[in-house]
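Single-structure report; data block below.
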Amino acid sequence: MKIKHLEAIPLARQLEDVFQGGTYKITSRNTIVTRVELDNGVVGETFGGDEDQYQIEVCQLVNAVYRPLLLAGDVRAVEAHWERMWNERVDLNNRGIHTLDLAKHCVRTQAIAAVDIALWDALGKSLNQPVCSLLGGYRDCVPVIAIGGYVMKGGTLADLESEIQRCKDQHIAGMKLKVGKLSVEEDIERTRRARKVGGPKFHLCVDANQSWTVAQAVQFARGVRDLGLAWLEEPVRWHDQIEGNARVRAEGIPVNAGQGEISRHGCRELAARGAVDILNVDATIAGGVTEWRRIAGMASCFGVAMAHHEEPQVALHLLAGVAHGLCVEIFPSPQRDPMWFDLPVRQPLIRDGFMHLTEEPGFGMPLRRDTIERWRAKNA
């Protein structure tokens, strides 16, 4: 069970449409495929990390630094491998200025995540166990919600209604509705329409992507207070994630944040200082499975539930492995996430509002080699 080879492969694919959230727009679908080959013939192979700015640097770090660091190591020693990567001194041209260096730190945590997740896949395959079982095996299915309601060119309320109805037709339990791009009043109207179409049992939450001031977030919360929203996600701007989120929480709707954190240390501040009810830290960005389970353990001490930002191929197993896991998120549209539809050989079964696990070892999601080769980044 020794590591024989390690490789990170960047994939990049332009989208046909532009998808706009509160503070950003999406024009491409990027991901990183990571392979870990063991001397027993087992291959761990996973994908994750949907960002286009530092993808090449992340892969270079894996292939040039972490590969020689971990070769010949025992795949069962995931904690030891994680600590070696975390403590390895890497020259990323840091400036010694905290805010300027954060992006470089994120390159490191994404690289660690890519390797760590592939190691867990290889470990599960070597032991003939699903990753969710290695993490605790709390459940065999997890509620699944769609990420939708993007602001699209020419989009109307009727389009939103149709999108919600398609989710229901596809057995998806609810939607995380994008807000923050339009006025607060327009978003209140859109959210009310979504609740009307989805019905009272439809898992409806909203995601502002750090778009609002505290006053705007409070205005929105008061305008939708009677709708029974599951959560408000990242309601306030980036510089006010602690005090601002805490003030929004006081309005009575659960607050979900953490996808912008890259380690347990940032998540600790959100939980300990009363800024969140839910953490949606992304394992594909923030240090992988090993770091995510540390965060989940800490969160339980504060009564904070665990969600996960996108990446259902990993999130399904993480959220199924703990008692306080919430919903898996997917993009049900191939136009928004063609990799989810083209890269895995098959996707998990969705039925009656739940995504179901199988008994396949590792993450149970073999990848298509032809898709990997077709969308391999040209500048890799």
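Can you spot a residue in the range 82-96 that is in a helix (DSSP H, G or I), farther than 15 Å from residue 361 by Cα, touching a residue at least 40 places away in the same chain (Cβ under 8 Å) and of a type in the set (D, E, K, R)?
no
Would it be correct to say that residue 66 is aromatic (Phe, Trp, Tyr), closer than 22 Å to residue 377 by Cβ and out of contact with any helix residue (DSSP H, G or I) (no Cβ under 8 Å at 6 or more places or on another chain)?
Criteria not met by residue 66.
Filter the range 1-31 down to the residues that are assigned to a strand (DSSP E or B) and among the small types (Gly, Ala, Ser), then identify the one that is farthest from residue 341 (Cα to Cα).
8
Exactly one condition in (1) aliphatic (A, V, I, L, M); (2) open to solvent by 10 Å² or more (accessible area, probe 1.4 Å); (3) within 18 Å of residue 206 (Cα to Cα) is false for residue 275; which is it?
(2)
Across the range 75-99, what is the number of residues that are among the basic types (Lys, Arg), over 25 Å from the mean Cα position of the chain (by Cα) and under 30 Å from residue 127 (Cα atoms)?
0
Which residues, taken from the range 167-200, are more than 23 Å from residue 326 (Cα to Cα) and not in a helix (DSSP H, G or I)?
180, 181, 182, 183
Considering every residue within the range 24-43, establish whether at least one is closer than 23 Å to residue 238 by Cα, β-branched (Val, Ile, Thr) and open to solvent by 10 Å² or more (accessible area, probe 1.4 Å).
yes
Hey, could you check the range 337-356 for residues that are in contact with a Lys or Arg (Cβ under 8 Å, 6 or more places away or on another chain) and open to solvent by less than 50 Å² (accessible area, probe 1.4 Å) and say which is farthest from residue 297 (Cα to Cα)?
Ranking the qualifying residues of the range 337-356, first place goes to 338.
Answer yes or no: is there a residue in the range 225-233 that is modelled with pLDDT of 95 or more, surrounded by 18 or more Cβ atoms within 10 Å (Cβ to Cβ) and of a type in the set (D, E, K, R).
yes
Among the candidates 280, 245, 256, single out the residue that is polar (S, T, N, Q) and more than 14 Å from the chain's Cα centre (by Cα).
245
Can you spot a residue in the range 49-64 that is open to solvent by 30 Å² or more (accessible area, probe 1.4 Å), part of a strand (DSSP E or B) and in contact with a strand residue (DSSP E or B) (Cβ under 6 Å, 6 or more places away or on another chain)?
no
State which residue is most open to solvent (accessible area, probe 1.4 Å) when the search covers only the range 100-143 and only residues that are among the acidic types (Asp, Glu) and under 20 Å from the mean Cα position of the chain (by Cα).
Filtering first and then ranking leaves 140.
For the range 247-262, which residues satisfy the criterion of being open to solvent by 30 Å² or more (accessible area, probe 1.4 Å) and part of a helix (DSSP H, G or I)?
247, 249
Which of the residues that make up the range 181-208 are open to solvent by 10 Å² or more (accessible area, probe 1.4 Å) and touching a residue at least 60 places away in the same chain (Cβ under 8 Å)?
Across the range 181-208, the qualifying residues are 181, 203.
How many residues does the range 152-179 contain that are touching a residue at least 24 places away in the same chain (Cβ under 8 Å) and either at positive phi or crowded, with 19+ Cβ neighbours inside 10 Å (or both)?
Going through the range 152-179 one residue at a time, the tally reaches 12.
The values are calculated or read from the model by the stated rules, or taken from the named source; none is laboratory data. The structure presented is a predicted model; accordingly, all values stated were derived computationally and were not measured. No Cβ is skipped: glycine too gets one built from the backbone with ideal geometry, and neighbour counts run over all protein chains shown. To get the accessible areas, we keep the full protein, side chains included, count just its heavy atoms, and leave off ligands, DNA and RNA. Shrake-Rupley method; radii C 1.70, N 1.55, O 1.52, S 1.80 Å.
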